[in-house]
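Participant: Handing you a structure now.
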Amino acid sequence: MRAAKGVGLAANQIGVAQRVAVVDIGEEDPPPLALINPVIVERGDELEVAEEGCLSIPDIFGDVERDVRVVVEALDRDGKRFRVAATGYKARAIQHEIDHLDGVLFLDHLSAVKRSLLLAKWKKSRKKQTGYLKEVTPEPAGEL
Ligand SMILES: [Zn+2]
């Protein structure tokens, strides 16, 4: 995450199927947040649109509307429950990482047209990187 100049990472981004995420916007006090089983328990009244990117889809950015203020409840690295309130950039990063844990990318907050355009751009930029992208055709819906 730090090598790629990211400010957050969710466990499932690196293939770990756990509800764990870290958020580090560069503050030393308080230290970086480790969030285990995080849940947003409170949201402010105000929304804000700002540009986001994601380590899972590098070099693609889009404007995403998020709550300006959130309160999150989670377990810390010692398994102790805590609550933290965050605003602005930190609140945005927390929401982005919790979205990852729920299988949601920032692209999912954009219009279908905007998402398609950005994904096409991203796929094109990855064309020469063989082995990085695998095109998957969804199976037709059938009986389970
Ligand atoms: Zn991300």
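Computed from the coordinates by the stated procedures, all read-outs in this text should not be read as laboratory data. As the structure is a computational prediction, the values presented were derived from the model and not from experiment. Glycine also receives a Cβ, built like all others from the backbone with ideal geometry; neighbour counts cover every protein chain displayed.
Participant: When the Kirkwood radius is taken over all Cα pairs of region 1-126, what Stokes-Einstein diffusion coefficient follows at 25 °C and 0.890 mPa s, in µm²/s?
Facilitator: 163
Participant: Let's see if you can work this out: charge +1 on each Lys and Arg Cβ, -1 on each Asp and Glu Cβ, no other charges. What is the dipole magnitude of region 43-134 about its Cα centre, in debye to the nearest 20?
Facilitator: For region 43-134, the charge dipole is close to 680 debye.
Participant: OK, next. Determine the sum of side-chain charges near E42: Lys and Arg each +1, Asp and Glu each -1, restricted to other residues whose C-beta is under 10 angstrom from that of E42.
Facilitator: With Lys, Arg at +1 and Asp, Glu at -1, the neighbours total +1.
Participant: If you line up the long axis of helix 112-125 against the longest principal axis of the chain, both from Cα atoms, how many degrees apart are they, to the nearest 10?
Facilitator: 70
Participant: How far is helix 88-101 tilted off the main Cα axis of the chain, in degrees rounded to 10, range 0 to 90?
Facilitator: 60
Participant: Taking 0.36 nm per intervening residue step and subtracting the Cα-Cα distance, what contour gain separates D78 from W122 on full extension?
Facilitator: That pair, D78 and W122, stretches by 12.0 nm at full extension.
Participant: Between their Cα atoms, which of K90/K128; K90/K121; K80/K123 are more than 30 Å away from each other?
Facilitator: Those over the limit are K90/K128; K80/K123.
Participant: Which residue, chosen from M1, V70, G103, occupies the Cα position most advanced towards the positive end of the dipole of the chain, where the dipole is computed from +1 (Lys, Arg) and -1 (Asp, Glu) charges on Cβ about the Cα centre?
Facilitator: M1
Participant: Further question: To the nearest 0.05, how large is the calculated FRET efficiency for S111 and E48 if R₀ is 22 Å and r is the Cβ-Cβ distance?
Facilitator: Efficiency, rounded to the nearest 0.05: 0.75.
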